[in-house]
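Asks: Following this message is one structure expressed as structure tokens.
The values are calculated or read from the model by the stated rules, or taken from the named source; none is laboratory data. Keep in mind that what you see is a predicted model, and the values were worked out from it rather than measured. In this analysis, Cβ positions are derived from the backbone assuming ideal geometry, glycine residues included, and neighbour counts consider all displayed protein chains. For the accessible areas, the whole protein counts, side chains as well, though only heavy atoms, and no ligand, DNA or RNA atoms are used. Shrake-Rupley method; radii C 1.70, N 1.55, O 1.52, S 1.80 Å.
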Amino acid sequence: MSTKQLTFSKQESTLYMVFMHVTFVSLLIGGLMGLLQTLVRSGKYTLPFNIDYYTILTVHGVILGLVLTTFFIIGFQFSLLGKTVGISKKQLRAAWLSFWVMLVGTVMAAITILIGEASVLFTFYAPLQAHPAFYFGLAFVIIGSWIAAITNFRQLYVWKKANKGQKSPLLAFMVTINMAMWVIASLGVATAVLIQFIPWSLGYAETINVLLTRTLFWYFGHPLVYFWLLPAYMAWYAIIPKIIGGKLFSDSLARLAFILLLMFSIPVGFHHQLTEPGIDPTWKFIQVVLTFMVIIPSLMTAFSIFATFEITGRRKGYRGVFGWFRKLPWKDVRFLAPFIGMLAFIPGGAGGIINASHQMNSLIHNTIWVTGHFHLTAATTVILTFFGIAYWLIPHLTGRTLTAKLNRLGILQTIIWTVGMTIMSTSMHIQGLLGGPRRSNFSEYAGGEQVATWINYQLAQAIGGSILFIGIILMVYIFIQLAFFAPRGHEEYPIAEEESDALPTPKVLENWYLWVGLTIALILFAYTIPVIDIIKHSPPGSVPFSWPIGRS
Ligand code: HAS
Ligand code: CU
């Protein structure tokens with residue numbers, strides 16, 4: 001990989017920082033809602049002012065799952081491209097446009113949720129219906145993200161033209177994969193929003209084809225979770241090695257893993273719909289098999305990161321089977337936070353494999369086990385890695401430094417997060433196995449025998465949630481320090497270099513036509529027939545295929 005790092009202009013740093021501001025404001029709001037939920041579910045508190053439990057739940061899911069992630073990722077990815085391939089004046093303007101369009105959409109959706117007009121949860125499943133402004137807001141967020149994607153593609157394209165014959169920088173390649181996946185996937189949710197939800201919420205159609213909306217949502221929803229994961233993988237592959245004083249394990253392997261993630265992330269949405277009638281079991285089976293394929297690049301990632309740790313340690317001269325392990329930079333929060341994220345992904349990934357196994361899915365589906373699963377994967381693995389990135393990215397952008405004191409606070413933050421999430425997520429997993437449903441507040445029905453068994457786990461979740469909220473306050477405090485008050489200086493933007501004797505990366509790995517083409521072929525294979533079936537059996541009068549004829 002080319003090791004030349006570009007420096008950010010003042011305008012660039014400002015752009016990347018605005019994305020970070022939205023991220024940390026979201027963390028505070030979304031985190032507070034999480035705390036409220038766990039308190040309500042503990043049965044010990046009720047919400048003031050008649051606020052609806054599902055409004056709070058929607059704010060929590062949308063703000064943390066959709067807003068925080070998207071803003072952090074797009075901002076971080078812009079910075080990665082800025083460092084590796086650069087950004088022109090025109091591209092910078094396009095990037096600002098993407099920011100504003102996304103922000104307008106976010107504010108529209110947020111307001112409709114907050115006034116109680118869109119308590120439809122982060123999956124906005126029909127037949128729950130929101131105010132049209134919610135769906136328009138979502139459409140803006142998606143369009144804004146597409147502007148960002150096109151800008152990113154253009155950034156790499158311009159660089160390639162100027163550097164004929166050279167392989168693209170690894171991180172630029174990875175960003176392009178993630179954005180390609182995002183664009184292909186979000187076409188599904190955009191279709192549902194534009195041709196189903198908007199006409200339906202405006203009253204142009206009586207009913208809506210629920211199964212089709214869910215299918216279009218999950219066509220997007222699984223790649224959505226990989227859209228969160230891939231930036232964490234970028235850091236694991238290409239940034240952590242530098243922080244621990246090592247080199248890139250293998251440029252080719254990292255690229256191959258990302259290509260496999262692109263190909264197999266999309267044709268797998270049915271693993272969220274295994275219990276749904278109306279989808280032929282054969283196609284469910286096929287998509288389960290494809291889901292097991294997408295596990296492979298994650299196992300490759302686990303292997304190569306472990307290898308990087310060991311190789312680096314041994315090079316530094318540490319002997320014995322585990323000697324190298326003790327010498328990892330445990331006191332450096334830029335390493336510790338993402339490392340705990342990796343550890344959490346071992347049970348998190350195992351849980352995913354359980355979920356994907358058709359028969360076992362029927363045990364855990366729609367139980368709070370699933371909530372436990374994604375608090376390990378998204379809220380621990382991904383978020384701790386994002387925090388780990390923030391510790392150097394924010395001061396790099398603001399021209400400040402991560403002081404020893406802030407580093408210590410960061411370590412404390414990581415420990416608080418780990419303890420809080422362990423308590424919360426473990427109790428969710430167990431309660432799920434005992435049949436505790438997800439997304440429901442039944443503390444008001446106390447008295448039933450089963451509710452009595454669950455309530456202890458819900459108390460544990462409230463304890464975990466309270467600990468996590470302390471972690472959030474601390475993280476926001478650290479962010480404010482790094483953004484405005486830490487001493488001025490230069491903080492490194494750590495990008496790992498390739499081994500000097502690394503084998504050349506095969507050119508075929510950069511054949512975009514091939515990989516995007518295969519991705520589309522796999523999607524068509526996995527979805528065409530079942531979607532035709534679903535449309536053929538559309539309920540009468542439902543959007544999109546029989547309106548406005550079906551209008552009363
Ligand atoms: Fe999932 C539901 C299957 C990964 C998020 N998932 C969800 C939902 C979310 C979510 C948000 O098949 C709920 C959606 C909703 O609201 O309904 N998931 C999987 C599978 C994987 C997986 C097979 N999920 C994720 C990731 C997420 C995420 C990542 C967010 C970021 N998930 C499911 C299924 C459902 C589901 C079903 C539906 C359940 C239902 O019925 O509703 C796989 O990608 C997992 C592969 C991962 C691994 C782990 C590799 C380990 C690594 C770490 C190595 C550590 C090192 C450190 C190197 C195989 C890379 C070690 C060092 C030492 C020294 C020890
Ligand atoms: Cu999934």
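Asks: Using heavy-atom solvent-accessible surface (probe 1.4 Å) with all chains present, what is the largest-first order of M33, M108, M20?
Replies: Largest to smallest exposure gives the sequence M108, M33, M20.
Asks: On to the next question. Using the beta-carbon distance between L202 and H537 and R0 = 25 Å, what value does 1/(1 + (r/R0)^6) give for FRET efficiency, to the nearest 0.05?
Replies: The pair L202/H537 has a calculated efficiency of 0.50.
Asks: I need the peptides 527-538, 155-166, 428-439, 53-64 ranked by packing, meaning the mean over residues of other C-beta atoms within 10 angstrom, with the highest value on top.
Replies: 53-64, 428-439, 527-538, 155-166
Asks: What span do the alpha-carbon atoms of region 49-179 cover on each of the three principal axes, reported in whole Å from largest to smallest?
Replies: The Cα atoms of region 49-179 stretch 62, 25, 23 Å along the principal axes, largest first.
Asks: Assuming R0 = 35 Å, what is the FRET efficiency of T453 and M293, from their Cβ-Cβ distance, to the nearest 0.05?
Replies: 0.40
Asks: To two decimal places, what compactness ratio does region 1-97 give when its Cα radius of gyration is scaled by 2.2 N^0.38 Å?
Replies: 1.50
Asks: Any chance you could look up the accessible area of E117 with a 1.4 Å probe, heavy atoms only, rounded to 10 Å²?
Replies: Solvent-accessible area, nearest 10 Å²: 90 Å².
Asks: Still on this model: So what are the three principal axis dimensions of region 441-539 from its Cα atoms, in whole Å, longest to shortest?
Replies: 65, 64, 28
Asks: Would you please give the residues with an amide H less than 5 Å from that of I208, counting only those at least 5 places away or on a separate chain, with H modeled from the backbone geometry?
Replies: Distant-sequence amide H within range of I208: V543.
Asks: Given a cut-off of 11 Å, what percent of all Cα-Cα pairs of region 328-369 lie beyond it?
Replies: 68
Asks: I want the local charge near Y237. Using Cβ-Cβ distances under 12 Å, sum +1 for each Lys or Arg and -1 for each Asp or Glu among the other residues.
Replies: +1
Asks: Rounded to a whole number of µm²/s, how large is the Stokes-Einstein D of region 404-498 at 20 °C and 1.002 mPa s, given Rh as the Kirkwood radius over C-alpha pairs?
Replies: 133
Asks: Determine the calculated [θ] at 222 nm for the chain from helices alone, applying -39500 (n - 2.57) to every DSSP H run no shorter than 4 residues and normalising by the residue count; nearest 500 deg cm²/dmol.
Replies: When only DSSP H runs of four or more count, the value is -23000 deg cm²/dmol.
Asks: Can you report the principal axis dimensions of region 269-415 using only the alpha carbons, biggest first, rounded to whole angstrom?
Replies: Computed over the Cα atoms, the extents are 57, 38, 24 Å.
Asks: Same structure again: Any idea of F309's accessible area? Nearest 10 Å², probe 1.4 Å.
Replies: So the heavy atoms of F309 present about 10 Å² to solvent.
Asks: Take the Cα gyration tensor of region 395-438, multiply each eigenvalue by 5, square-root it, and list the three semi-axes largest first, rounded to whole angstrom.
Replies: Semi-axis lengths for region 395-438 are 37, 12, 4 Å.
Asks: Pop out the carbon and sulfur fraction of the accessible area of the chain as a percent, whole number, probe 1.4 Å.
Replies: 70
Asks: Still on this model: Under the Kirkwood approximation for Rh and a Cα-based Rg, what ratio Rg/Rh is obtained for region 155-266?
Replies: Here the Rg-to-Rh quotient is 1.15.
Asks: Which whole-number percent is the relative contact order of the chain (Cα, under 8 Å, 6+ apart)?
Replies: Once divided by the residue count of the chain, the mean separation gives 19 percent.
Asks: Highest mean first, what order results for 396-403, 126-133 on Cβ atoms within 10 Å?
Replies: 396-403, 126-133
Asks: Among I51, A149, L248, whose Cα lies farthest out toward the positive end of the dipole of region 10-536, if unit charges sit on the beta carbon of Lys, Arg (+1) and Asp, Glu (-1)?
Replies: L248
Asks: For region 10-536, what Kirkwood radius comes out of the mean inverse Cα-Cα distance, in Å?
Replies: Across region 10-536, the inverse of the average 1/r is 23.8 Å.
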